[in-house]
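All remarks here apply to the structure that follows.
The values are calculated or read from the model by the stated rules, or taken from the named source; none is laboratory data. Predicted, not measured: the structure shown is a model, and the values here were computed from it. Methodologically, a virtual Cβ is constructed for each residue, glycine included, from the backbone with ideal geometry; neighbour enumeration extends over all protein chains shown.
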């Protein structure tokens, strides 16, 4: 009995060790300088128009020595800058606010949101389907515990801005140069593992 228990213990210990080694390996495969929440903490409110103006004026020299910024070179920085400018080209913003002290949210006119632009064409939102009354039986099946809304006219951010988007506007997280330049290239930014061409998983032997 003791021998069997010892055998089980050794198997569990070996499995735990292998798991630890795998986690360490995966962490090493990630970007050398991952995004730190503290580095992106917002200390000043920046209106949307001012944000775009600052993007237009931004230079590689200004970001090269910033803490956490690892943009590979001026060419990649230019690609990052142009991506943000093209993303917000033609976008109409009514109001903005800060959420979780680490991200700006812009209330964008639903008809000018970037998702409606494809290959230079402006798409239109289809009319929502008519409401269908499911009756008492259907209502009982779909009844659940309601969750408090994340956005409300009663909520204020730390700068006193209302955390709510009116009808006809959608909340969209603002993409900033501080965020994008924490990657070496624009392709790395688009890659969910932080490095273009890598899957984040160990290669097969």
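Confirm whether residue 123 is at pLDDT below 85, more than 26 Å from residue 47 (Cβ to Cβ) and touching a strand residue (DSSP E or B) at 6+ places or on another chain (Cβ under 9 Å).
When the stated conditions are applied, residue 123 passes them.
Just one of (1) closer than 23 Å to residue 167 by Cα; (2) assigned to a helix (DSSP H, G or I) trips up residue 79, so point out which.
Here residue 79 meets the rest and fails (1).
Results for (1) modelled with pLDDT of 95 or more; (2) surrounded by 12 or more Cβ atoms within 10 Å (Cβ to Cβ); (3) in contact with a helix residue (DSSP H, G or I) (Cβ under 7 Å, 6 or more places away or on another chain); (4) over 25 Å from residue 99 (Cβ atoms), shown as yes or no for each residue.
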| residue | (1), (2), (3), (4) |
| --- | --- |
| 152 | no, no, no, no |
| 156 | yes, yes, no, no |
| 171 | yes, yes, no, no |
| 179 | no, yes, yes, no |
| 194 | no, yes, yes, no |
| 201 | no, no, no, yes |
| 204 | no, no, no, yes |
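May I ask you to list the residues in the range 29-69 that are more than 21 Å from residue 96 (Cα to Cα), surrounded by 13 or more Cβ atoms within 10 Å (Cβ to Cβ) and at pLDDT 95 or above?
Across the range 29-69, the qualifying residues are 58, 60.
Output the residue which, of all residues in the range 91-102 that are part of a strand (DSSP E or B) and buried (at least 16 other Cβ atoms within 10 Å of the Cβ), is nearest to the chain's Cα centre (by Cα).
Let us first name the residues in the range 91-102 that are part of a strand (DSSP E or B), namely 93-99.
Then drop every residue that is not buried (at least 16 other Cβ atoms within 10 Å of the Cβ), which leaves 93, 95-99.
On the way: 93: 19, 95: 19, 96: 16, 97: 16, 98: 14, 99: 12 Å.
Restricting to residues being part of a strand (DSSP E or B) and buried (at least 16 other Cβ atoms within 10 Å of the Cβ), the top hit is 99.
Just the residues that are in a helix (DSSP H, G or I) and either touching a residue at least 40 places away in the same chain (Cβ under 8 Å) or more than 16 Å from residue 185 (Cα to Cα) (or both), please, taken from the range 62-76.
62, 63, 76
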